[in-house]
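Structure, as structure tokens:
The values are calculated or read from the model by the stated rules, or taken from the named source; none is laboratory data. For clarity, every value in this text was computed on a predicted model and none was experimentally measured. As a convention, Cβ positions derive from the backbone with ideal geometry for all residues, glycine included, and neighbour counts pool all protein chains shown. The protein model used for the area step is the full one, side chains on, heavy atoms only, and it has no ligands, DNA or RNA in it. Shrake-Rupley method; radii C 1.70, N 1.55, O 1.52, S 1.80 Å.
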Amino acid sequence: MSGFLATPVGQLALVVGEALALLVPLLIIVAFLTYAERKILAAIQLRKGPNVVGPFGLMQPFADALKMMMKETIIPSGANPLLFLFAPMLTFVLAMMAWAVIPVNEGWAIANINVGILYLFAISSLGVYGVMIAGWASNSEYAFLGALRSAAQMVSYEVSLGFVIVTVLLCAGSLNLSDIVLAQRNIWFAIPLFPMFVVFIISMLAETNRSPFDLPEGESEIVAGFFVEYSSLAFGLFFLGEYANMVLMSGMATILFLGGWMGPFGLWPALGPIWFLLKVCFFLFIFVWVRGTLPRYRYDQLMRLGWKVFLPLSLAWLVITAGVLVGAGWLPKLPAPV
């Protein structure tokens, strides 16, 4: 067996196996995240939620998927068919690709590269293209307006998100995601960097177009925004991409601020993947909880929060953190020039 794995075909089979071992559970989590969201929202609103299809309604996500697959994919007569269908595929593929560098346990990453955080930056920056292409290719005023809103929103909050991540990188001294987790052996970064932790949580809501920042969809004024013309599997790919991005941002928050796979105070290190999953579920609960409790922001409030509050706060905290680290002599020393 080891001889086969040494061959190019064996290496390819190993990479495909690793990808499936990560993506299949991820898709199952995404499916049941929709069920959990509907149940939590039902509890907040004092109703039952899904409870008919299967025991406790557990088969509801599969019933929804089957219904979606059996519907017709309708392409508007004025739309660009190629780009119209390409946009949801791009959104879904990017959401899956980002997981290549996420370590769910020590050594459990498909690609443990030294610039993993830059890879995530690149993938998340490309995510806006799927929304923009969908809005333009739909040939609909509502879709185009939703796409413009989304582009402005994602660019605005990526700036402060970047400063938050740079602050964490200064404390960890590495761009490798596994090294960032290991740097939190003694204390999770959520404690000394608590303001940045809060900014990151709010910014990840805006990055994923979730309530109270779901302005690109805006059901009350632009009737679902950039995917108003989508149906069937094309809509399903947007739907899966959005929820996969929620799981991805929760995984990033876990790695950057809550010690990744490590338990509190180093408890039960053998349960690494379980700790990681529990922390991701904590952030996913925040996504749903916020949706069930807060009203949507006005667009000017959204922009003001991003540019006038989060940007100065994150920049100031970055400068303070760098100053403290330099003053304490904790910044990693660069090698002397030869």
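From the list Pro88, Pro103, which one is in contact with a Leu (Cβ under 6 Å, 6 or more places away or on another chain), outside any helix (DSSP H, G or I) and at pLDDT 85 or above?
On the way: Pro88 fails: outside any helix (DSSP H, G or I).
None of the other options fit; the residue is Pro103.
How many residues are in contact (Cβ under 8 Å) with a residue 12 or more places away in the chain and open to solvent by 50 Å² or more (accessible area, probe 1.4 Å) if we restrict to segment 172-201?
Going through segment 172-201 one residue at a time, the tally reaches 4.
List pairs: first in segment 317-330 and closer than 19 Å to Ser160 by Cα and of a type in the set (Gly, Ala, Ser), second modelled with pLDDT under 90 and open to solvent by 80 Å² or more (accessible area, probe 1.4 Å), Cβ under 6 Å, 6+ apart or cross-chain?
If the second residue must be modelled with pLDDT under 90 and open to solvent by 80 Å² or more (accessible area, probe 1.4 Å), no pairs are left.
Which of the residues that make up segment 293-304 are touching a residue at least 40 places away in the same chain (Cβ under 8 Å) and part of a helix (DSSP H, G or I)?
Initially, segment 293-304 is screened for residues touching a residue at least 40 places away in the same chain (Cβ under 8 Å), giving 293-297, 299, 302-303.
Selection gives Thr293, Tyr299, Leu302, Met303.
So is Leu170 farther than 29 Å from Ser150 by Cβ and aliphatic (A, V, I, L, M) or not? Explain how you work it out, then say what you get.
Numbers: farther than 29 Å from Ser150 by Cβ: yes; aliphatic (A, V, I, L, M): yes.
Taking the combined requirement at face value, the residue satisfies it.
Starting from segment 7-31, take each residue that is open to solvent by less than 70 Å² (accessible area, probe 1.4 Å) and list its partners that are among the aromatic types (Phe, Trp, Tyr), counting only C-beta distances under 6 angstrom and pairs at least six apart or across chains.
Gly10/Phe4; Leu22/Trp99; Val30/Tyr243
Quickly run through segment 39-76 and pick out the residues that are surrounded by fewer than 16 Cβ atoms within 10 Å (Cβ to Cβ) and among the basic types (Lys, Arg).
Arg47, Lys48, Lys67, Lys71
Ala270 fails exactly one of the following numbered conditions: (1) over 15 Å from the mean Cα position of the chain (by Cα); (2) crowded, with 23+ Cβ neighbours inside 10 Å; (3) assigned to a helix (DSSP H, G or I); (4) of a type outside the set (Asp, Glu). What is the number of that condition?
Status for Ala270: all satisfied but (2).
Checking the conditions here, which among Val128, Val164, Val115, Val101 is surrounded by fewer than 18 Cβ atoms within 10 Å (Cβ to Cβ) and β-branched (Val, Ile, Thr)? Let's see the steps before the verdict.
Numbers: Val128 fails: surrounded by fewer than 18 Cβ atoms within 10 Å (Cβ to Cβ); Val164 fails: surrounded by fewer than 18 Cβ atoms within 10 Å (Cβ to Cβ); Val101 fails: surrounded by fewer than 18 Cβ atoms within 10 Å (Cβ to Cβ).
Exactly one of Val128, Val164, Val115, Val101 is surrounded by fewer than 18 Cβ atoms within 10 Å (Cβ to Cβ) and β-branched (Val, Ile, Thr), namely Val115.
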